[in-house]
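Inspection log for the structure reproduced underneath, given as structure tokens.
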Amino acid sequence: MAKKRAFISFDYDNDETLKTFLIGQAKLPDSPFELADWSIKEHITGDWEKKGADSHQKR
């Protein structure tokens with residue numbers, strides 16, 4: 001059975017543990033889903049919308 005793809009979004013400052021757990025679970029062989037981690041890897045100040053859009057356009 002093909003794994004389901006899901007989009008998830010995290011609050012960098014508050015959800016690091018949740019993100020780590022979900023990525024770990026997705027790596028398990030019997031996990032029903034897969035993740036592509038496009039999250040920004042650093043705390044952003046200022047114009048976070050532009051920085052996030054720029055980051056995603058590079059992929």
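Of all residues in region 1-23, those being among the polar types (S, T, N, Q) and either open to solvent by less than 50 Å² (accessible area, probe 1.4 Å) or not in a helix (DSSP H, G or I) (or both) number 2. If you go through region 26-50 one residue at a time, how many are at pLDDT 80 or above, open to solvent by 90 Å² or more (accessible area, probe 1.4 Å) and either of a type in the set (Val, Ile, Thr) or outside any loop (DSSP other than H, G, I, E, B) (or both)? Residues in region 26-50 being at pLDDT 80 or above, open to solvent by 90 Å² or more (accessible area, probe 1.4 Å) and either of a type in the set (Val, Ile, Thr) or outside any loop (DSSP other than H, G, I, E, B) (or both): 0 in total.
The values are calculated or read from the model by the stated rules, or taken from the named source; none is laboratory data. Keep in mind it's a predicted model, so treat the numbers as computed, not measured. Surface areas here come from the heavy atoms of the whole protein model, side chains and all, with no ligands, DNA or RNA. Shrake-Rupley method; radii C 1.70, N 1.55, O 1.52, S 1.80 Å.
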